[in-house]
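Any read-out appearing in this document is the output of simple, stated calculations on the displayed coordinates, not a laboratory observation. Please read all numbers here as calculations on a predicted model, not as lab measurements. Don't worry about glycine lacking a Cβ; one is built from the backbone with ideal geometry, like all the others, and counts go over all protein chains shown.
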Amino acid sequence: MKISDLLNQTSEWLKGTGPNAEIILSTRIRLARNIEGKPFSNWAAKKQATEIFEEAIQGLMDVKTLKTGMVLVLKDVSLVDRQFLVERHLMSKEQASHPENKGVVLSKDEVCSVMVNEEDHLRVQVLGSGFNLRKCWEMADKLDDQISEKITYAFSLELGYLTACPTNTGTAMRASVMAHLPALVMTKRIGKLLEAITKFGLTTRGLYGEGTEASGNIFQVSNSVTLGQSEDDTVEYLERFVKQLIGHEENARRTLLTQQRGELEDRVWRAYGVLRAAHIITSNETIDLLSTVRLGVDLEIIKEIDRRVVNELFIATQPAHLQKMEGKELTPPERDVKRAAIIRTRLAG
């Protein structure tokens, strides 16, 4: 299996399936783990980092869930390919920026992945489509058990899993959903909701995680407490909040349909028209227009295209994906032309 093979399959988080997929694009469970007796990644000397990397990769290659997938040594992976993996939510920007003694192990279907030597020795991830917190946690727990049979974790009976950042100590689990909330933004209710998220002890980030803005009206909502709670407690708490979040977005969509339908339809069709006709288009403009079109598809204003097509365009129009499809590096103006051509083709059916 090669990185280029991923171009021929749809990322799990873009499939548009699963519960409440019209609002919740994806669910993710991420676990931070470290190897017993080894210094954390940011404290390790170069020789130690190499030893940690080799021990981790050797153990992961023997894990049942990951055996048929792909092992990537990042120093041997091009910058475009590393960015390609970031765009598919398979590793972090930080991991891509500093590839020495770092790697990523992927399952064949992209549902499971493990970053090696990021902030922690291992960042174990399970990514599912739609609102599937419980299912993703069960899969992550199973994968975690498989890895722990090959690698001994740093663990304290008093504190739980030991992590490089103290805020992750305890369960060391981050549970999150990626929510598409255009109606809350359009009705100007999003501000109060973001305040409520913080008050409830949760965190919001943008499409590509920490340090990114919520472009395309897409927000990542995750837990911020890991110490003193069980994994089940975290999942249950986030589930309850996300159900309320879904309800607020559904109410906002009903408000748009009943009180501002003309303006909404005009906005949706204008966005659709630009995407179908443009010959040059930037990444930022694309994601904002796609967000509006996706809302139109979900509300059945636009009936001739499927949500999955729109979802796939969110990622197919990103810089590294465009260059992978073209088979060479492209300048920003060249990418803007290529992006527009792909959108026109895919929306034309």
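Here are the numbers:
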item: Packing rank of 312-322, 338-348, where each peptide gets the mean count of other beta carbons within 10 Å, highest leading; result: 312-322, 338-348
item: FRET efficiency, N8 to S78 (Cβ-Cβ, R0 25 Å, nearest 0.05); result: 0.85
item: Potential lengthening between K67 and V225 on full extension [0.36 nm per residue; Cα-Cα distance subtracted]; result: 53.6 nm
item: Taking the chain and dividing mean pair separation by its residue count, relative contact order in percent (alpha carbons under 8 Å, at least six apart); result: 20 percent
item: Most to least packed among 105-118, 28-41, 189-202 [average Cβ atoms within 10 Å]; result: 105-118, 28-41, 189-202
item: Computed over segment 58-121, Kirkwood Rh from alpha-carbon pairs, angstrom; result: 11.7 Å
item: Relative contact order for segment 261-347, counting Cα pairs under 8 Å that sit 6 or more residues apart, in percent; result: 38 percent
item: Value at 222 nm in deg cm²/dmol, rounded to 500, when DSSP H runs of n ≥ 4 in the chain each add -39,500 (n - 2.57); result: -14000 deg cm²/dmol
item: T152 versus K47: modelled label distance in nm, points set 7 Å from Cα along the beta carbon direction; result: 2.2 nm
item: Dimensionless Rg/Rh of the chain - Kirkwood Rh, Rg from C-alpha atoms; result: 0.98
item: Rh (Kirkwood; distinct C-alpha pairs) - segment 25-157, Å; result: 14.8 Å
item: Pairwise FRET efficiency - D232 versus K199, Cβ, R0 = 30 Å, nearest 0.05; result: 0.85
item: Simple spin-label estimate for T17 and R134 in nanometres, 7 Å along Cα-Cβ; result: 1.9 nm
item: Projected area, mean over directions - segment 261-347, Cα convex hull, nm²; result: 5.1 nm²
item: Pairs beyond 26 Å (Cα-Cα), from K135/K243; K15/K102; K2/K303; K15/K324; result: K15/K102; K2/K303
item: Local electrostatic count, I246, Cβ distance below 12 Å [Lys/Arg +1, Asp/Glu -1]; result: -1
